[in-house]
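Taking it in order: structure first as structure tokens, then the write-up.
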Protein chains: 4
Amino acid sequence: MQVALVGVSGYSGMVLYRLLKQHPAVDQVNLYGHQGGQLAALKTVVPAFQKETVNVRPFDAATVMTENAVLFCATSAGVTKTLVLPLIAADFPVIDLSGDFRLPAATYTKWYHQAAAPVQALAKASYGLAEFNHRLTHYVANPGCYATATLLGLAPLVQQHLLDPTSIVVDAKSGLSGAGKKLTATSQFTMVNDNLQLYKVNQHQHIPEIVQQLKQWWSAVPAIEFTTTLIPVTRGIMSTIYAKAATPTTTAALLQAFQQVYADQPFVQVLPAGEMPTLKQVIGSNDCVLGVNYNPVTKTILVVSVIDNLMKGAAGQAIQNFNQLFQLPATAGLPSLPVFP
Amino acid sequence: MQVALVGVSGYSGMVLYRLLKQHPAVDQVNLYGHQGGQLAALKTVVPAFQKETVNVRPFDAATVMTENAVLFCATSAGVTKTLVLPLIAADFPVIDLSGDFRLPAATYTKWYHQAAAPVQALAKASYGLAEFNHRLTHYVANPGCYATATLLGLAPLVQQHLLDPTSIVVDAKSGLSGAGKKLTATSQFTMVNDNLQLYKVNQHQHIPEIVQQLKQWWSAVPAIEFTTTLIPVTRGIMSTIYAKAATPTTTAALLQAFQQVYADQPFVQVLPAGEMPTLKQVIGSNDCVLGVNYNPVTKTILVVSVIDNLMKGAAGQAIQNFNQLFQLPATAGLPSLPVFP
Amino acid sequence: MQVALVGVSGYSGMVLYRLLKQHPAVDQVNLYGHQGGQLAALKTVVPAFQKETVNVRPFDAATVMTENAVLFCATSAGVTKTLVLPLIAADFPVIDLSGDFRLPAATYTKWYHQAAAPVQALAKASYGLAEFNHRLTHYVANPGCYATATLLGLAPLVQQHLLDPTSIVVDAKSGLSGAGKKLTATSQFTMVNDNLQLYKVNQHQHIPEIVQQLKQWWSAVPAIEFTTTLIPVTRGIMSTIYAKAATPTTTAALLQAFQQVYADQPFVQVLPAGEMPTLKQVIGSNDCVLGVNYNPVTKTILVVSVIDNLMKGAAGQAIQNFNQLFQLPATAGLPSLPVFP
Amino acid sequence: MQVALVGVSGYSGMVLYRLLKQHPAVDQVNLYGHQGGQLAALKTVVPAFQKETVNVRPFDAATVMTENAVLFCATSAGVTKTLVLPLIAADFPVIDLSGDFRLPAATYTKWYHQAAAPVQALAKASYGLAEFNHRLTHYVANPGCYATATLLGLAPLVQQHLLDPTSIVVDAKSGLSGAGKKLTATSQFTMVNDNLQLYKVNQHQHIPEIVQQLKQWWSAVPAIEFTTTLIPVTRGIMSTIYAKAATPTTTAALLQAFQQVYADQPFVQVLPAGEMPTLKQVIGSNDCVLGVNYNPVTKTILVVSVIDNLMKGAAGQAIQNFNQLFQLPATAGLPSLPVFP
């Protein structure tokens, strides 16, 4: 199978390229640049990929569909909403890592501060939270990194009405690669190293994506309190989730709910009572690891969810969706262990 | 004035020694070791202090009281509860950075897992949260680092009953120096770098210290949800505090409450609406910087409080208490600006 | 094929386990513990490998040889010199990542400060610098991490007598994982973060290993000046190599020599003139990347060589030697791209 | 005394402002911006200085001379060569942290790739390597950070002809703050963290500054081999210096030469045999710490020199020169201990 990738110069695109190169069902990865212009050698676009000899060619919808079985888009918000319309019209398979097709038009416009994709195109997309959506359409909106970590941590609690739906607080921490390659004063090493910085307090564009999915699971969830803190690491997200229990419970009872929901999921691990996950145990893997604790004094449930934002939070989950779309084994092409230490 | 310091080999002790050396009211810093044994050169105990020529002498209560006007204790928990009893009996001024005299005996035993100091000794101690306790006794129990950051962030809200007292969640993050110099598998560079690790979930010994003070401000506060996450930095604490508002409010109204409480405090800064503090703006200074936000959608108050755990969270606050005890200017011997970048 | 691994609890062992699990010629990895005792679950030995269900069994030479086609040893110095003697006697294939079989007995004793393996056992070992030794015996002494980076950087210059053999200076930098998991005051995060520390100045045990190989290439090399500096990263080695040119030359001429020597080597890349390698472009891959520069003003050749110390410097090169020993494709089981960013 | 500072928005300027605020001889620090325009609040220019209420006013030569006793310039290269000409003409005291007045015109143009200051202005400047120049003119060219670390490490060896002058190799490592605040792809956290990057190989503008001073000490020094490697720390420089000994010697003999040269210098420490300095023991202080080793096998002298690039390498040395120029105590206003840990 030949596959197409647009957006290899971004962090998610690089990681996706590496995964696709090693995927047993993929014979060739064709690279396309959405900004037109000249053909460029991959190694000049991504200096870390010195060994590669392939080129990035200008994107052309017809060529992409002729040469490939599927298109992966690892572009920033605002690109695919126009770029892929011919492919949507032709029902050509697309896995889109950007946020352009995750939300209704009005919500997108409010949170992304720009015009949305056409409504009829949006209608063809399905949200690819891999552990929960098993009926993907040909256009897969791959979830955001914060959304993935947070939704996997909340799913059992919300689906089974185990928490007070008005009490959800998410204190999310992320490494800098989640913000992409854009140069800003706050992304420079001297400002990130030895530091913590909050950003987009209650304004992060993953909030509506999370709430939309939670409401589908339980319409009683009105909103969430959600903060994002930039931590001095390159990769990794930790979502620390707090909520009041619906009724007094125990850590053991909560763990049972989690273990039941994720029993057959190869990429979600639930830790035993008393253990909490660390970032390093997921970096380089496609895993989400969950720790659960109940505090009877405050009647508060604590869930800690960790992922590699570029793997499970982007490129790895895209491969999961690719495997599902093409009826390949669920774990094909995905590493089973973290790159540790 | 000559002052005594026991515990210079620990991180708080090192920082305290540096502050005392620069303090305009201090002529000489005498060092004592609580583990007895031989006299040792400071530069062998703290290799970073190569230039210093003073020695650490074995601790002897009578000598300490003869030579000095005050004793600073920067020792681990469990040391001062016996070491300083002769000084307490003599009403000799002591500023104790450890947790031994912050809690009632039963609470101490429960959270520190060891016997407490004698009840009559405990009765002589006062809790030295510098911005709020202006009637110190001769025995000052200097607050813990997490307690300082969290209490300064909660004080206006609790004192003025602005929050729902059953809803307080504290997601605290700390650099490794807060855990002291003890070697453990989780303190090694390979485990801390590029990582986040939770520890002592709902079991940290600063929890009862925080709750005790909150109850003094407002007896309606029953407990707090409190987690601690180890971040890959050497110095710094961020307490991210969430609580439901008692009644619908605004960021502006909350900021007014904070600004009023801290108007005359040289070491507490309240940021304007829309700004949140970063760790680096307090490292090396004695400041606590606070950011405040109200989310009308979730009716949740967010307060972010940052300090340098070894300064405002330990040695710096000890100097504040020293200044107050000896009626020196509040800012004497304390840097007014962070070590930045 | 079934393969045996002893030493999975160390960093090199963990990485080797991950590589072997993904190797197309390996059906099963059997784990053995050299310290005897009880059977232990891998996930308790390596918490980052939570998903694994295999156990570590006590090492027994006969069992190892019955069950497996080859033994990988990722143990500390001093273990294999006795542990594997029965396997050497039986000419059973062993790939040894430790330093026990790299040096003559007297040299080993001098630099490792302990007794060496028996002389007749040492005689059966071959030094597995993968790009240069194509006649491996059944006992492969896998090179040290510093030795690999340094020898690959020096090989063309020494083999072709392009430098003054008395002028070689190697300023090597390494991340902490190179020092293993041992807890020391200098390995704690607070001492490694934001710091540089030299260690074993002119006394590192990889020095005789390097010089021995250089002398085989050109007997005129008498010794090297070699320092090691611990840098605040987990993985990665950079060897910065300086030497006076034998006769005035140019960067272009030197690059030609390097390109010729490494033309057919899949895991060594020579950068074009004007470029220098960075650590991150090799982390997670088995590559060595080389940059070369000639300074006509000082007549000095500069070579910068980077590797991932746990891959090309340990487990990755072990896989290269395994592939060669069993006549598998040179790149089997080895990632072709770094884990970037 | 009132003092003027231009360039407070840069890292050296921030550190210098903090030092001047604490200096016992300084009553007031007046800030001026060289880019003209409007008056700006310091706290908007340097957000970490939230507490400060002073403003940055547009630079005006006459005003500066009227209001102040001295001008400190912490500007980038290329600014002072025109900005301060009226002050030079008036023989007004200036301490210039930039490189504009350190080199002869032709050398400056070659290495800085721009026009130099007027020759008659250059003639009035003196090079302020504080430990060695005790006859400062009114215009002090404060040395560069790499130059300071390297020259202090080489001075005894070159002045006393203890090395082979054609054999000097300097492998210098620096934290990112040395490169200033400019945003580049290589200064982003994701590229600096967990990485090492060489830059300006044999082309760093501090090379001619170093060689010029070495030649003044011993005209036989023709050039030096000098590389710079960016390390993942914010502050700190380590210069690792190698040279062949002029004649066979010992570590003890070399140490004696160093101790003699620096016996009365409060800011240079020479470590005993067998010890090597670490970066952290100088961060936040004005010290240079030196370690010395002789390898009889390779006849090579190793000197390791560490400084805080923003203190001894910039603002701290500027205070030393200020103290000397105004005949203040050598240590006035300078911290005697590092900010550790």
Checklist entry - Looking at B:155, B:130, B:149, which is the one that is in contact with a Ser or Thr (Cβ under 7 Å, 6 or more places away or on another chain) and in contact (Cβ under 8 Å) with a residue 60 or more places away in the chain? => result B:149
Checklist outcome for this item: Result of the Cβ filter at 7 Å on segment D:255-267, keeping first residues that are in the same structural domain as residue D:295 (by TED's automatic domain parsing) and more than 16 Å from residue D:158 (Cβ to Cβ) and partners that are crowded, with 18+ Cβ neighbours inside 10 Å and of a type in the set (Ser, Thr, Tyr), at least 6 apart or interchain, is none
Next on the checklist: Which pairs turn up if I take residues in segment D:98-121 that are among the acidic types (Asp, Glu) and look for partners that are surrounded by 21 or more Cβ atoms within 10 Å (Cβ to Cβ) and not in a loop (DSSP other than H, G, I, E, B) with beta carbon separation below 6 Å, at least 6 apart in sequence or on another chain?
Outcome noted: D:100/D:80; D:100/D:81
Item to check | Selection count, segment A:278-325, where residues are facing another protein chain (nearest Cβ under 8 Å), in a loop (DSSP other than H, G, I, E, B) and closer than 15 Å to residue B:196 by Cα | outcome: 2
Next on the checklist: Pairs please, first residue from segment B:318-339 and among the acidic types (Asp, Glu), second anywhere and outside any loop (DSSP other than H, G, I, E, B), Cβ atoms under 6 Å, 6+ apart in sequence or on different chains.
Outcome noted: none
Checklist entry - Out of (1) surrounded by 24 or more Cβ atoms within 10 Å (Cβ to Cβ); (2) assigned by TED's automatic domain parsing to the domain that holds residue D:217, what's the single condition that is false for residue D:322? => result (2)
Checklist outcome for this item: Scanning segment A:118-144 residue by residue, those among the hydrophobic types (A, V, I, L, M, F, W, C) and within 28 Å of residue A:286 (Cβ to Cβ) turn out to be A:122, A:125, A:129, A:130, A:132, A:136, A:140, A:141
Next on the checklist: Yes or no: segment D:152-171 includes at least one residue that is closer than 21 Å to residue C:173 by Cβ, crowded, with 23+ Cβ neighbours inside 10 Å and touching a Phe, Trp or Tyr at 6+ places or on another chain (Cβ under 7 Å).
Outcome noted: yes
Checklist outcome for this item: Picking from D:105, D:117, the residue that is surrounded by fewer than 18 Cβ atoms within 10 Å (Cβ to Cβ), out of contact with any Ser or Thr (no Cβ under 6 Å at 6 or more places or on another chain) and assigned by TED's automatic domain parsing to the domain that holds residue D:12 would be D:105
Next on the checklist: Only one of A:69, A:4, A:25, A:74 is under 19 Å from the mean Cα position of the chain (by Cα) and touching a residue at least 60 places away in the same chain (Cβ under 8 Å). Can you tell me which?
Outcome noted: A:74
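Can you tell me which residue among C:284, C:291 is free of Cβ contacts under 8 Å to residues at least 24 places away in the same chain and in the same structural domain as residue C:266 (by TED's automatic domain parsing)? Outline the logic, then answer.
Numbers: C:284 fails: free of Cβ contacts under 8 Å to residues at least 24 places away in the same chain.
The match here is C:291.
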Next on the checklist: Looking at segment A:10-52 only, could you name the residues that are surrounded by 19 or more Cβ atoms within 10 Å (Cβ to Cβ), of a type in the set (S, T, N, Q) and modelled with pLDDT under 95?
Outcome noted: A:50
Next on the checklist: Any residue at all in segment A:5-16 that's more than 14 Å from chain C (Cβ to nearest Cβ) and out of contact with any helix residue (DSSP H, G or I) (no Cβ under 8 Å at 6 or more places or on another chain)?
Outcome noted: no
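Could you pull out the residue among A:259, A:269 that is part of a strand (DSSP E or B), at pLDDT 95 or above and surrounded by fewer than 24 Cβ atoms within 10 Å (Cβ to Cβ)?
A:269
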Next on the checklist: Being within 30 Å of residue A:329 (Cβ to Cβ) and within 21 Å of the chain's Cα centre (by Cα): is that true of residue A:110 here?
Outcome noted: no
Next on the checklist: part of a loop (DSSP other than H, G, I, E, B) and either crowded, with 22+ Cβ neighbours inside 10 Å or in the same structural domain as residue A:158 (by TED's automatic domain parsing) (or both): which single residue out of A:211, A:221 fits that description?
Outcome noted: A:221
Checklist entry - Can you find a residue in segment D:45-62 that is over 23 Å from residue A:190 (Cα atoms) and in contact with a Pro (Cβ under 7 Å, 6 or more places away or on another chain)? => result yes
Checklist entry - For segment A:186-204, how many residues meet the condition of being of a type outside the set (Asp, Glu) and facing chain D (nearest Cβ under 7 Å)? => result 6
Next on the checklist: Take the residues in segment D:42-70 that are under 22 Å from residue B:337 (Cβ atoms) and among the polar types (S, T, N, Q); name whichever of them is nearest to the other protein chains (Cβ to nearest Cβ).
Outcome noted: D:50
Next on the checklist: Among the residues of segment D:173-191, what is the count of those that are without any contact (Cβ under 8 Å) to a residue 24 or more places away in the chain, closer than 29 Å to residue C:198 by Cβ, in a helix (DSSP H, G or I) and of a type outside the set (Val, Ile, Thr)?
Outcome noted: 3
Item to check | Residue in segment A:170-185 that is farthest from the other protein chains (Cβ to nearest Cβ), counting only those that are under 21 Å from the mean Cα position of the chain (by Cα) and among the polar types (S, T, N, Q) | outcome: A:174
Next on the checklist: Against the definition (crowded, with 19+ Cβ neighbours inside 10 Å, within 16 Å of residue A:127 (Cβ to Cβ) and in contact with a strand residue (DSSP E or B) (Cβ under 9 Å, 6 or more places away or on another chain)), how does residue A:97 come out, yes or no?
Outcome noted: yes
Checklist outcome for this item: By residue number, the members of segment C:153-168 that are within 20 Å of the chain's Cα centre (by Cα) and within 14 Å of chain D (Cβ to nearest Cβ) are C:153
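The values are calculated or read from the model by the stated rules, or taken from the named source; none is laboratory data. Only a predicted model underlies this, so the values are computations on that prediction, with no experimental measurement involved. A quick note on method: Cβ atoms are made from the backbone with ideal geometry, for glycine too, and the neighbour counts reach across all protein chains shown.
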